[in-house]
There are 2 protein chains.
Amino acid sequence: MICSICRRFWDRRGSYREAAGRSTSVTEQTIDQIEADYDRCNPKQATLFVRKSVSYQTLPTPHHCHRVIPGTMLSSLMVKISVLSMGTLCLFSSIHSNLPSYIKADIAAPVLEPAVNNLRRSTLALTDGRREQQESPASLRSQVTADAMKYKSTHSGESLSYRVEISDSSENVLPSGFSKAMYQIDKSKRYDTCAIGAGLSGTVFAERSANVLGEDVLVIDARPHIGGNCYDFWDQKTGILRNQYGSHLFHTKMKHVWDYVTSNPNAPDWKRWYHYKFGEIHRDQKGSKKVDYVPIPPNIMTVNRLLDLDIQTPEEMDEWLKTVQIPCPEETGCVNAEQMAKSRVGEELYKLIFEGYTIKQWEKHPRDLDASVTARIPVVSSFDPRYFSDKWQALPGEGYTAWFAAMLDHPNIDVVLSTDFFDHKSHLEQVCDRIIYTGPIDRYFEQEGMEKLEYRGIKFTEERHFNHPGYLLPTPVLNYPGLETNYTRSIEYKQYLHRPSPHTLVVREESYSAGSDGDPYYPVPNQRNRELYAKYQVLAEKLEATGRIQFVGRLANYKAIDNALKLFDETAEARLARGRKKIQ
Amino acid sequence: MICSICRRFWDRRGSYREAAGRSTSVTEQTIDQIEADYDRCNPKQATLFVRKSVSYQTLPTPHHCHRVIPGTMLSSLMVKISVLSMGTLCLFSSIHSNLPSYIKADIAAPVLEPAVNNLRRSTLALTDGRREQQESPASLRSQVTADAMKYKSTHSGESLSYRVEISDSSENVLPSGFSKAMYQIDKSKRYDTCAIGAGLSGTVFAERSANVLGEDVLVIDARPHIGGNCYDFWDQKTGILRNQYGSHLFHTKMKHVWDYVTSNPNAPDWKRWYHYKFGEIHRDQKGSKKVDYVPIPPNIMTVNRLLDLDIQTPEEMDEWLKTVQIPCPEETGCVNAEQMAKSRVGEELYKLIFEGYTIKQWEKHPRDLDASVTARIPVVSSFDPRYFSDKWQALPGEGYTAWFAAMLDHPNIDVVLSTDFFDHKSHLEQVCDRIIYTGPIDRYFEQEGMEKLEYRGIKFTEERHFNHPGYLLPTPVLNYPGLETNYTRSIEYKQYLHRPSPHTLVVREESYSAGSDGDPYYPVPNQRNRELYAKYQVLAEKLEATGRIQFVGRLANYKAIDNALKLFDETAEARLARGRKKIQ
Ligand SMILES: Cc1cc2nc3c(=O)[nH]c(=O)nc-3n(C[C@H](O)[C@H](O)[C@H](O)COP(=O)(O)OP(=O)(O)OC[C@H]3O[C@@H](n4cnc5c(N)ncnc54)[C@H](O)[C@@H]3O)c2cc1C
Ligand SMILES: Cc1cc2nc3c(=O)[nH]c(=O)nc-3n(C[C@H](O)[C@H](O)[C@H](O)COP(=O)(O)OP(=O)(O)OC[C@H]3O[C@@H](n4cnc5c(N)ncnc54)[C@H](O)[C@@H]3O)c2cc1C
């Protein structure tokens, strides 16, 4: 059953029309009324995502979302299109089963046509009625509130409601990010390459295989979206582009990697962006609590501000470091992470910046962790505030997901989401000439009965601050090095590229020991795991020798790869060489 | 007439007492009730400032203010003490004419005693009933709201009212910042040195003269407070430490200057602080409006982000600069500020960062301004984000005014505020052995009938965002280099040293031609003014030759002195030499 009052849409010119083709102009129509109207609809209806993004290029604004709320799956549909942006456009429409003709007939505004055509295409491409996630009426309402907020000037003296909503990240609605994605493997097809995982690793291999080798490629991912851990989307409630699995900053020292990621003419532009963050340092001083916010990794400013010093040159900084560093025992070298850290930054910085953080991150005291954990903790001997020092640092202008979508948008590439490799392993081993496995290596060899590798997971807590037009944090990411909070860091996505919103969204991270249900994030760096991984590696290499499978990526190689592209581009080149031979 | 319901105060232990000496404990008393109670008082009562700060050291928190609202001047008093801080303490009290005994009798909390004793002293020291400024009931209310906000967790899901209030800076209540300040010259006294102006210049001279030379010193200022343009105070409505006349960042290359400002054991500590700011750059790109926030002065990050470059080293930066710089004509050199700017940063950066700003700042196109105006525009060939490059950069922990108060707190120094030199010129010329004049030089020689020097003034617009716990700007100061807004910059004082508040305060600056009513801020750098100033200088030097007067400081020397201390410390040393002779 479709609520007829929803069969309307509203655009910025204030017209408010019946969706059935007739149009009536209600110029005084306010957003609040629409909100109220929407409320009267039955919120219990299941929400189905149109598995297609509105094409970013054709819309005047980057911010968009659209959903299909089916009455009866695919036969009776209500579509809500909401294009939220810098206060320009808010469109609701609801449609019946004859979706395509309706859209053609009724939405004529040229600016919307491309969006709507996309929507039509994507709706037609809808191959199964699989239900994705419930859409809460609250989330729809707050979209409207967000937009309404932009129409009422905050400066008019009117008061808006500042409020904070806390939730965990599982409440999110996750669009697939890829219009052509399918949700079932076409069992009639054969493939040259099958990438297990639509993250950076799988996507790079898929794109290269299709474009350079002309191969037929299948990409499958257990998650309902592309992009792997880099996946981002426009937050429903605040209109902010945000990641789902923690913040990701692209950085590379290698020109060919940069050239590669920026080479796709259909992908949105990348924007130079130099990541920087502060740490929130708590301490007792002269009997009273003090909080300082200082650059992380520590640079000259950090040291001067925390320790009341006046270091002014890299030479002075290095000299000062030498006076505080505590060398490791000559006989043994640094045997644990505490010794290693102190040998690099001395007692005071270790205590203020590294000790508590390490404990929270690994749930172990640094003295019980491998020296390798702190072997590369950075200290910057200049005023350079950047988090990374790589030459190329950037963010994809319209988000990572849009970039992945452009990379995967190739006639030779099939993308199948919400599909676990292990449910189709024997089939895929038959129809795939070569498999690129980017999932956890211990999962692959589960039947061997070996122990599991230990991972750390991240618990995300989302804090939405409504009617808070500014920023909550002093920097896009704030680290919490101390034990006064369980959080390891907070991310305020709105600060990336400084996209405006009347609200803000802060995602706080806690580290925990990932069980079988959680997502594996960081491999635990200790001897047991290194030895165990080595055993898995032996198994993997044996299989790789057949030429039928390759284990790549963050999870398969059991390493946090700072720049996945680097590795995968290199690996890809090796495969390219093989591929070219095949073609010739 | 005193409103009896106001004769109460409230402290954090929830006790709510009658102020007349009896005390009744009302534990459930909410802040809202107090607020409501206060409202019922007669807001029409005149507000009189107790010309005394609560001593910063004795209070547990830096934030304080107190006022006297007289029924009949000085005979019937209602005192409101409000100690606002990080949510710890909010105290209202109202008292009758017998102020001192009341305070003794009723406020016993040890933490308050010093504050109250100060208040008593200052009230006793009240020498005249001069009315200062009206206290608006709204301002009192919002103090309460501010505190109430801290008691209700913003995270409880309750909604608070986010609202914006806009005002010009004249609405502020200005505490003198100095408890021992007087408001009338003691005509019976003689002085070795009389400093006209209680700004940096006058204060440094006064302190040195008193402490090193043992001189008797008079400091007078036309304004009702000490500190000159550096004056700051705790904003009544938001609880934020803020400047009244634009933001001031202490920075010096000279160790003896740093040693000097940090030498006073009674002054609060200085905190290292490295100023940084972004510019908000608007431009059209590929047909659409774009806004970027980039570091100012431009450094490598600025250039890379604006122009899609990947400069990575100082050498690359300098090389790139050479390719864009437009050399000035060889015969003439740079003849105006436009040529000069382009010769330093090239066409593109000039347009994006300097042209519009210069036009707004001086109301003249760069081509009509002296080359000197842009001769020192900085370009940073590194990733150093600091606004200044000086070795010592800091903020006084409890504010500039507290620092000035400590510097002036000397038995030999009399401070007289709200008193214009020219109303007492002939008297002072008789009783002062030497006069240090730090006011505008053209005002001093007014009777000569010469033309006036041209100054630019700053129009401040204050925006208070209530119930906005984060920051409104991406950096403490945001520059607006373009012509899309009249503002030249905005300052968000809360970001300095990251002091928390449930609200925020942004002060926006516009530049205008200062008439006789405005404050002179920036001397206009053109030929007419330089020539005119030279004439004034001749007059000044003639007078200075008598040894009876010295013209120093920002206004008297008609230069914006980046580091006033530097100059004045040097000058002071010359005088010290003379002084020592006198003592020997
Ligand atoms: C919190 C965090 C922050 C990071 N930040 C940065 C950063 O700022 N910059 C940077 O360069 N790197 C960063 N990294 C590293 C970065 O995440 C990796 O380099 C990159 O995402 C790895 O891509 P991937 O494809 O190997 O793995 P993933 O992105 O994890 O992709 C693997 C995919 O495989 C799928 N999969 C797994 N098993 C199966 C199965 N059985 N069947 C089907 N699909 C399966 C998963 O669902 C997943 O989508 C970060 C990592 C983490 C954890
Ligand atoms: C907006 C702005 C921002 C600045 N920012 C910085 C900064 O970040 N860092 C920095 O180092 N410098 C900064 N400066 C420069 C800094 O303000 C000066 O170096 C310093 O404040 C000068 O002190 P002063 O005592 O010479 O002048 P002032 O501070 O102007 O003091 C002069 C005093 O004399 C008084 N006076 C004038 N005439 C009379 C009279 N007839 N009778 C009695 N009293 C009189 C005035 O009321 C005033 O209080 C800034 C200047 C401005 C205008």
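Within the set of other residues whose C-beta is less than 12 Å from the C-beta of residue B:365, count the net charge using Lys and Arg as +1 and Asp and Glu as -1.
-1
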Compute the label-point distances linking residue A:170 to its equivalents in the other copies; points lie 7 Å from Cα along Cα→Cβ; give nm, one decimal, shortest first. 6.1
Would you please give the residues with an amide H less than 5 Å from that of residue B:380, counting only those at least 5 places away or on a separate chain, with H modeled from the backbone geometry? B:299
Using a 7 Å offset from Cα along the direction of the beta-carbon, what are the separations from residue A:519 to the same position in each other copy, nm, ascending? 5.1
List B:436, A:359 from most exposed to least, where exposure is judged by having the fewest other Cβ atoms within 10 Å. A:359, B:436
Counting only residues 5 or more apart in sequence or on a different chain, those whose built amide H sits under 5 Å from that of residue B:505 are B:465, B:493, B:494
Table column - 3J(HN,Hα) (Hz), the stretch B:232-246, Karplus curve with 6.51, -1.76, 1.60, x for Gly and Pro: 9, 7, 8, 4, 4, 8, 10, x, 10, 6, 8, 7, 8, 10, x
Quick one: net charge of residue B:528's neighbours, Cβ under 10 Å, K/R +1, D/E -1? -2
Each residue of B:276-286 has, on average, a number of other protein chain C-beta atoms within 10 Å of its C-beta equal to 1
Table column - 3J(HN,Hα) (Hz), the stretch A:407-424, Karplus curve with 6.51, -1.76, 1.60, x for Gly and Pro: 5, 8, 7, 9, x, 7, 9, 9, 10, 10, 9, 6, 9, 8, 3, 6, 7, 9
Do you know the relative contact order of the stretch A:277-374, to the nearest whole percent, from alpha carbon pairs under 8 angstrom that are 6+ apart? 20
Which shape class applies to the stretch B:277-374: rounded if a/c is under 1.5, otherwise prolate when a/b exceeds b/c and oblate if not, where a ≥ b ≥ c are the square roots of the Cα gyration tensor eigenvalues? oblate
If you put a point 7 Å past Cα along the Cβ direction, how far is that point for residue A:447 from the same point in each other copy, in nm, smallest first? 10.8
Quick check for the stretch A:277-374: number of Lys pairs with alpha-carbon distance under 22 Å, counting only pairs 8 or more apart or on different chains? 15
What a careful reader reports for the chain B Cβ nearest the rotation axis onto chain A, distance rounded to whole angstrom, is B:162, 2
Under 5 Å between amide H atoms, partner at least 5 residues away or on a different chain: which partners does residue A:271 have, H built in plane at 1.01 Å? A:395, A:397
The stretch B:321-360: C-alpha gyration tensor shape, a/c 1.5 cut-off, then a/b vs b/c: oblate
How large is ³J(HN,Hα), in whole Hz, for each residue of the stretch A:470-477 in order, when computed from phi with the Karplus curve 6.51 cos²θ - 1.76 cosθ + 1.60 and θ = phi - 60°, using x for Gly and Pro? x, 10, 8, 9, x, 9, x, 10
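All of the numbers you see were taken from the coordinates with simple rules; none came from a lab. Predicted model only: the values in this text are computed from it and were never measured. When we count neighbours, we look across all protein chains shown, and the Cβ atoms used for this are built from the backbone with ideal geometry, even at glycine.
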